[in-house]
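Some notes on the structure that comes next.
The values are calculated or read from the model by the stated rules, or taken from the named source; none is laboratory data. In this text, all values refer to a predicted model and were calculated from it rather than measured experimentally. No Cβ is skipped: glycine too gets one built from the backbone with ideal geometry, and neighbour counts run over all protein chains shown.
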2 protein chains.
Amino acid sequence: MSRPRKRATVHDIAAAAGVSRGTVSRVLNGGYVSTEARAAIEAAILEVGYVPNNAARTLKMRRSQAVAFVALEPHSLFLDDPNIGSIMLGANAALSLADHQMVSLVVESARDTERVARYLSGGFVDGAIVVSARTRDPIIKVISDLALPAAFVGHPPELSESIPFVGIDNVDSARTITARLAASGRRRIGMIAAALDRDSGIDRLTGFRTALGTAYDSALVADVPHYDYGSGVKGMRLLLEREPELDGVFAASDAIAAGALEVLREAGRSVPGDVGVVGFDDSTWAVRCQPQLSTVHQPAKELGSFAAQLVLRQLQGEQVQTGGQLLPTPIVWRDSA
Amino acid sequence: MSRPRKRATVHDIAAAAGVSRGTVSRVLNGGYVSTEARAAIEAAILEVGYVPNNAARTLKMRRSQAVAFVALEPHSLFLDDPNIGSIMLGANAALSLADHQMVSLVVESARDTERVARYLSGGFVDGAIVVSARTRDPIIKVISDLALPAAFVGHPPELSESIPFVGIDNVDSARTITARLAASGRRRIGMIAAALDRDSGIDRLTGFRTALGTAYDSALVADVPHYDYGSGVKGMRLLLEREPELDGVFAASDAIAAGALEVLREAGRSVPGDVGVVGFDDSTWAVRCQPQLSTVHQPAKELGSFAAQLVLRQLQGEQVQTGGQLLPTPIVWRDSA
DNA sequence: TCCTACTGTGTGCACGTTCACACATCCGTA
DNA sequence: TACGGATGTGTGAACGTGCACACAGTAGGA
């Protein structure tokens, strides 16, 4: 095994400056130090190339100044959902301001789950932000057992009591944009519903149904597994087959909407002329599409920074309200409907 | 400040099981232990809910079993370059197999740079994988000064001596695909060159120039800052303005190519009929476009896992060849040229 | 009987840090 | 002169872990 080159410690500084460890510590952390001693120590620090050992500091202080960002299901997230990037950046910015380090952990397999659990337990982080947890993810139990200060992005229902979360109101957002689509004169409106094994998927469908009321027709709902482009293609084909007279589509995500647009183009339908299409997320997809998507803006960056705040406040001993917070989701009306 | 609930230590286990700390340690790490003692200790571990303190272990062992994944320029990377996600997943998978934890650190601002430098120095990680370093990024100096086992994805020229890297041959890949575009009968071929402050950007331009030889015309190179969609739109407009007779375009990335396609569509040019377009990356953009892009496949996942291997091998004391390794980049010929 | 090898257990120390405490000096004031 | 406070410094202990070492008991062979 390669032994890393010997690193300088406070002892080395003390020896070089001709003082004791305590005085060095006082220079580093504040306290009464004479100007001569301070100067000598500062010179010695540069001379020996000292960098503090965080592992030792963490051990003593029981604080690592680091917060984990746990990304579950990274495959679909990183590759199809640009939101995750914005959430990360938002969280990083907020933690950065509080002088905390964000370390993000990727959980892909069961093996990862176990290792991440060890990592979270091991005192390397003071808290955790968890994104995209499914209802029975084992990581949730680990965090709960450890009583690790944490926050969820999204809404894991069975834990709303013990761990705070931040999210959006999927039901109401879906209801609002569907209603607006209907108000624009569309008569036969379908939905490409996705991820019905998650709250977000179920809630968006519920909102759609609520908006249409008696006009709701379950035959006009195509049920696809994921929020991605390919699912959009599949879903749109299904809908067109079932109802050629369709003149409106609510897609459960922008990526799905993009796939739907492609199928509509192939089928020779004009958008928004023949068919109005609306999406969900206001991700980078929305402005890449032709025409640009009318969609629900999801405040990804704010979700990340809010979750970070929730963790930081717990670290300061504040009792945060459990039950969580829903951020507003303005509708962005562009050209696709 | 909230004091985390008191955690059980080896001492607590020892007390509960009626043995000494040493015996507990032997159960955890291997050694001669009687079956009764082992049973008692295992029961005690469950009883007190012991989780080992990694900070203490790291301090003692000088090994954290964690490797940093440092993402520089995350804005553009996360939001426009899907490659970064694949690189991360590849690295994570390789580290996971070796039972190492990947922690990814996001550097957005100067403030972040300093904090990440502290983190890397602090003994929390045994090594680092650095993605998308610019030539004079301060992080490079930190790693170099620390003599931290590291690997770069991409090619920072001034450090090729001391730190291994893995990348692709941008010059040759660009040359090859440009040559193929030319061979398909195009006479006036332009390029949308991007990120000329990075090696990758410069190299792709060099490859383009080499392929065209005497047919190269610097007026047909549009120089845009980033690898993103917006830059593609801007670059294509510029090219069309300068040379309306253009019949071929090499875009420095797929996102740029996507932007270019959009402008060509607006301008009423058919692709690949009037203009042949080729991209670079073979990212998710490539198959989303209409028509789908002919492009250079970048083995993102393999880059990540190879970089991880480079770090792991250094951790095992192996002397890895500096200078680095270039992975193959097959050309994927689809419909856009 | 003694020596050696093997199994099993306990103790002390070190990793590098911070903090509480003890001590020392100087000054102003009772 | 004596005292208290402010300023400055050194020492010892502790955070939780793993390992080297010492030691105890048993069994087998010379």
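Some notes on this structure:
- Checking each residue in segment B:94-115 for being more than 7 Å from chain A (Cβ to nearest Cβ) and in a helix (DSSP H, G or I) picks out B:Ala94, B:Leu95, B:Leu97, B:Ala110, B:Thr113, B:Glu114.
- Contact map, segment B:246-267: residues that are over 20 Å from B:Asp282 (Cβ atoms) paired with residues that are of a type in the set (Asp, Glu), Cβ distance under 7 Å, separation 6+ or inter-chain. Pairs shown: B:Asp247/B:Asp274.
Okay, residues lined up against (1) touching a His at 6+ places or on another chain (Cβ under 8 Å); (2) within 14 Å of chain B (Cβ to nearest Cβ); (3) aliphatic (A, V, I, L, M):
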position	(1), (2), (3)
A:Thr295	no, no, no
A:Lys301	no, yes, no
A:Gly304	no, yes, no
A:Ala307	no, no, yes
A:Val311	no, yes, yes
A:Gln319	no, yes, no
A:Gly323	no, no, no
A:Pro328	no, no, no
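- Residues satisfying the stated conditions in segment A:15-36, i.e. assigned to a helix (DSSP H, G or I), buried (at least 18 other Cβ atoms within 10 Å of the Cβ) and within 12 Å of DNA strand D (Cβ to nearest atom): A:Ala17, A:Thr23, A:Val24, A:Val27
- Among the candidates A:Ala39, A:Ala56, the residue that is under 26 Å from B:Arg7 (Cβ atoms) and at pLDDT 90 or above is uniquely A:Ala56.
Here is a yes/no grid of residues against (1) within 12 Å of DNA strand C (Cβ to nearest atom); (2) charged (D, E, K, R):
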{"site": "B:Ala8", "(1), (2)": "no, no"}
{"site": "B:His11", "(1), (2)": "yes, no"}
{"site": "B:Val27", "(1), (2)": "yes, no"}
{"site": "B:Tyr32", "(1), (2)": "yes, no"}
{"site": "B:Glu36", "(1), (2)": "yes, yes"}
{"site": "B:Glu42", "(1), (2)": "no, yes"}
{"site": "B:Ile45", "(1), (2)": "no, no"}
{"site": "B:Gly49", "(1), (2)": "no, no"}
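- Scan of segment B:143-179 for residues that are part of a helix (DSSP H, G or I), of a type in the set (Gly, Ala, Ser) and at pLDDT 90 or above, ordered by number: B:Ser173, B:Ala174, B:Ala179
- Criterion (among the β-branched types (Val, Ile, Thr), more than 9 Å from chain B (Cβ to nearest Cβ) and part of a helix (DSSP H, G or I)) met by exactly one of A:Ile140, A:Ile129, A:Ile84: A:Ile140
- Residues of segment B:267-285 that turn out to be more than 11 Å from chain A (Cβ to nearest Cβ) and either in a loop (DSSP other than H, G, I, E, B) or under 19 Å from the mean Cα position of the chain (by Cα) (or both), as a count: 13
- Within segment B:184-206, restricting attention to residues that are among the charged types (D, E, K, R) and part of a loop (DSSP other than H, G, I, E, B), the residue that is farthest from the chain's Cα centre (by Cα) is B:Arg187.
- Residue match in segment B:44-53 (condition: outside the structural domain of B:Tyr227 (by TED's automatic domain parsing), assigned to a helix (DSSP H, G or I) and within 12 Å of DNA strand D (Cβ to nearest atom)): yes
- Checklist (1) part of a helix (DSSP H, G or I); (2) away from DNA strand C (no atom under 16 Å from the Cβ); (3) crowded, with 21+ Cβ neighbours inside 10 Å applied to B:Tyr119, failing item: (2)
- A:Tyr227 meets the conditions (1) assigned by TED's automatic domain parsing to the domain that holds A:Asp197; (2) in a loop (DSSP other than H, G, I, E, B); (3) more than 24 Å from the chain's Cα centre (by Cα) in every case but one. The failed one is (3).
- Residue under evaluation B:Gly259, criteria (1) of a type outside the set (A, V, I, L, M, F, W, C); (2) more than 23 Å from the chain's Cα centre (by Cα); (3) not in a helix (DSSP H, G or I), criterion not met: (3)
- Take the conditions (1) surrounded by 18 or more Cβ atoms within 10 Å (Cβ to Cβ); (2) within 17 Å of A:Ile168 (Cβ to Cβ); (3) at pLDDT below 95; A:Val296 misses just one of them, which is (3).
- The residue pairs whose first member lies in segment B:275-291 and is farther than 15 Å from A:Gly230 by Cβ, whose second member is among the aromatic types (Phe, Trp, Tyr), and whose beta carbons are closer than 7 Å, counting only pairs six or more residues apart or on different chains, are B:Val278/B:Phe250.
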